[in-house]
1. Take C46, C168 and order them by how many other Cβ atoms sit within 10 Å, fewest up front.
2. Name the most mobile residue of Y372, Y215, Y57, meaning the one with the largest mean-square fluctuation, in a Gaussian network model of the chain with Cα contacts below 10 Å.
3. What ranking of L54, L112 emerges when the number of other C-beta atoms within 10 Å of each C-beta is taken as an exposure proxy, fewest first?
4. Measure out, as a whole number of angstrom, how far apart the alpha-carbon centroids of segment 149-225 and segment 354-397 sit.
5. Based on the Cα coordinates of segment 173-315, what is the per residue volume of their convex hull in Å³?
6. Quick one: P(r) of the chain from all Cα-Cα pairs, 10 Å bins, percents rounded to integers, in order of increasing distance.
7. Given springs between every Cα pair under 10 Å in a Gaussian network model of the chain, which of R379, R219, R246 has the largest fluctuation?
8. For A69, which sequence-distant residues (separation of 5 or more, or a different chain) have an amide H within less than 5 Å of its own amide H, given hydrogens modelled in the peptide plane?
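Here, each number is a calculation from the coordinates, and none is a lab measurement. Note that the coordinates shown come from a computational prediction; the quantities given were computed from them, not determined experimentally. FYI the Cβ positions are ideal-geometry reconstructions off the backbone, even for glycines, and counts take in every protein chain you see.
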Amino acid sequence: MNDGSTNGQIARPMLFLPLAIRGLTLKNRLVVPPMVHYRCDPGNTCGTFHTVHLGRYALGGFGLVFVEATGVEEVGLINEHDLGIWNDAQMESFKPLIAFMKRQGAAIGIQLAHGGRKASSQTAMQGMGPLTEENLKSGAKVWQPVGPTAEPVAKGWLVPRQLTTAECKAMVGTWAAAARRAVGAGFDTIEIHAAHGYLLASFLSPVSNTRDDAYGGDRAGRMRLPLEIAEAVRREMPASMPLFLRLSAVDGTQEGWNMDDTIIFARELKARGVDVIDCSSGGISGAATAMQVPRSLGFQVPFAGRVRKEADIPTMAVGLILEAQQAETILQKGQADLIAIGRQSQFNPNIAHHWAHDLGINQRFEDWTPEYGWWLEKRIRTMEGFATPTGEVTRRA
Ligand SMILES: Cc1cc2nc3c(=O)[nH]c(=O)nc-3n(C[C@H](O)[C@H](O)[C@H](O)COP(=O)(O)O)c2cc1C
């Protein structure tokens, strides 16, 4: 058993202790959250870009890396260049990436997603809003999205087609089929995307779900589709495989989904075999980046803390977590079990290794892939007197 000590000297930081969830043991608590990059290969398949892009995070020391929001059906693609997992060719396309990640000792998950009313929208670089005339003129693909109602996200967005009750029932099967393929591809874990105003979030929120059938109405009705999907996805997964769900803990609007709703939802998810709640926020109306929840250092961490405590389920914290000690403190205080680092990992794909240094372990690059670690360790002696082991110059003359 790991007692958290290294050679009886410094206590190993919690960030770098392994974590077992069902049959999966992560080597540390650092996670790359799903991040879309609009770089699929033809047919919404996974190609070299994703192997290189996500492979950097495996080499960079992360315990778990998520593949970006991946469409469970074509109409649910947020953007035409997103990855999909609704056919066998797409399933097969993930296998080289998965094999690489596993060889590096990183676990790999996939976020299953359906864009709902926000399908067929702009890339982040175009503004993350509805497609404009200019986008269409330059060849952007447009199609009619689906949603809980025929109300658009906001003025100027595409008018969705309302899913019938029978189509909601069929949607459960669509997600189950995607989960079956994710298992078949060899992923270690699956995350259900129920955040940021996309399909499942739009069923949860009273702002967007004004249906009057079994999939709308009171909170139980609005939770019905996401809960049926969680149950169906769980059924497709081996008992040893963990299931994550990302939610928007709050819409950020007064009349919207709130923290009390989230606690009740999390308890229901736990009862259906969801293992980790990934706590994000916002996005119910307008672009996913719309400033509805004020953003500051670690602004979503309190959501993860409350869910963990009040729903008694492991959580993942995400959002402006920038420094090793900040992340370590979140774990020490029991606010989360896992730490996801989004943009700061784009800035520095080796950040997991760097944070180990910052927290006083891995000083001789022991945890780096040996083709890097061997050289970096040898360099320490060469640089003695003028630079630190990580290459910070201390004497220039
Ligand atoms: C380039 C980019 C793409 C993103 N794509 C997704 C996505 O596919 N699914 C999702 O749930 N969140 C997505 N997000 C949100 C991130 O997962 C994360 O929650 C957010 O960036 C906040 O964390 P950070 O401050 O560490 O970046 C994306 C963020 C970025 C920067």
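1. C168, C46
2. Comparing Y372, Y215, Y57 in the GNM, the peak value goes to Y372.
3. Starting with the residue having the fewest Cβ neighbours, the order is L54, L112.
4. 48 Å
5. 112 Å³
6. Binned Cα distances yield the sequence 5, 23, 32, 24, 10, 4, 1, 0.
7. Looking only at R379, R219, R246, the biggest GNM fluctuation is shown by R379.
8. M35, V36
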